[in-house]
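Q: Just dropping this structure here.
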Amino acid sequence: MSGVLGFSQKQIDANNNSWWSYSGTHKISDKVSLFTLYSWRRNDFVKNWQQSLARIGVNYKLSDNFTVTPGYDWVVTFPYGKQPTAVQFTEHRIFEQFILKNKVNRVYFTHRYRFEQRFLENASLNSNNQKVVDGFRLRQRARYRLTLTMPLNHKTMEDNTLFLTIFDEVFLNFGKGTANNPLDQNWISAALGWKFNSKMNVKMGYQNQFIIKGNGINMERNHTFTVAIGYNFDFSKN
């Protein structure tokens, strides 16, 4: 009972956000491709900044169903919402990713495992209300995402296919500085998409982003409208 009462005392606030993203997998050879992503993340729908995230990685396809990717993220997080950070800060993130795929009947399953080494600015405001950066702190995180994708107007994901995609992703902190919030975030998302062809697709949907802050007390439940455009270039033909 004490645990239930303790949870009820935690501060959970809600925000309405929108994320607008572009991503692409650009083939270099039969086994190697370049992965790129930019995500423009806004608070109060589109009024204020929430976060800016740019990502680049190199995919190596070990088989048709298994891909490994080392990569880098450049992330800027802004004060936003009902629990704003004291100051805007930058994060440099190195990650290692493994993707496993399989198909059952007409449903495509994607398992994504990611490990992140996060270098976050120690940023604060001085007496003149100016940003001061005192080095970086290292935090480590593991993520797992399960995605289900099902074509709706065809039996397979071919050209001109309407599809439904659903995923759940959990974020787990580990190592130094994670005593208060080993569970960092959980994302649940559902979207409808249209695959034009092997090069281009677009998705629109809803994501529930649940965040536990570093003190283990403050939390956010962000209701997020998502739009994602994917476009792939094939550089191997050149």
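The values are calculated or read from the model by the stated rules, or taken from the named source; none is laboratory data. Because the structure is predicted, anything quoted here is derived from the model rather than measured. All Cβ positions, glycine included, derive from the backbone under ideal geometry; neighbour counts span all protein chains shown.
Per-residue answers, yes or no, for (1) over 25 Å from residue 27 (Cα atoms); (2) buried (at least 17 other Cβ atoms within 10 Å of the Cβ); (3) in contact (Cβ under 8 Å) with a residue 12 or more places away in the chain:
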site: 189; (1), (2), (3): yes, yes, yes
site: 198; (1), (2), (3): no, no, yes
site: 221; (1), (2), (3): yes, no, yes
site: 226; (1), (2), (3): yes, yes, yes
site: 236; (1), (2), (3): no, no, yes
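Q: Right, another one. For region 95-113, check the following and say yes or no: at least one residue is of a type in the set (Val, Ile, Thr), in a strand (DSSP E or B) and out of contact with any Phe, Trp or Tyr (no Cβ under 9 Å at 6 or more places or on another chain).
A: For region 95-113, residues of a type in the set (Val, Ile, Thr), in a strand (DSSP E or B) and out of contact with any Phe, Trp or Tyr (no Cβ under 9 Å at 6 or more places or on another chain): present.
Q: If you scan region 69-101, which residues turn out to be touching a Leu at 6+ places or on another chain (Cβ under 7 Å) and among the charged types (D, E, K, R)?
A: Answer for region 69-101, where residues must be touching a Leu at 6+ places or on another chain (Cβ under 7 Å) and among the charged types (D, E, K, R): 73, 91.
Q: Of everything in region 187-227, what is assigned to a loop (DSSP other than H, G, I, E, B), modelled with pLDDT under 95 and within 22 Å of residue 40 (Cα to Cα)? Give them in sequence order.
A: 213 - this is the single residue of region 187-227 that is assigned to a loop (DSSP other than H, G, I, E, B), modelled with pLDDT under 95 and within 22 Å of residue 40 (Cα to Cα).
Q: Another question about this same structure. Quick one: what pairs do we get from region 147-167, first residue surrounded by fewer than 17 Cβ atoms within 10 Å (Cβ to Cβ) and at pLDDT below 95, second aliphatic (A, V, I, L, M) and not in a strand (DSSP E or B), C-beta under 7 Å, 6+ apart or different chains?
A: The qualifying pairs do not exist here.
Yes/no per residue for (1) loosely packed, with under 14 Cβ neighbours inside 10 Å; (2) in contact with a strand residue (DSSP E or B) (Cβ under 8 Å, 6 or more places away or on another chain); (3) not in a strand (DSSP E or B):
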position: 129; (1), (2), (3): yes, no, yes
position: 133; (1), (2), (3): yes, yes, no
position: 137; (1), (2), (3): yes, yes, no
position: 142; (1), (2), (3): no, yes, no
position: 181; (1), (2), (3): no, yes, yes
position: 185; (1), (2), (3): no, yes, no
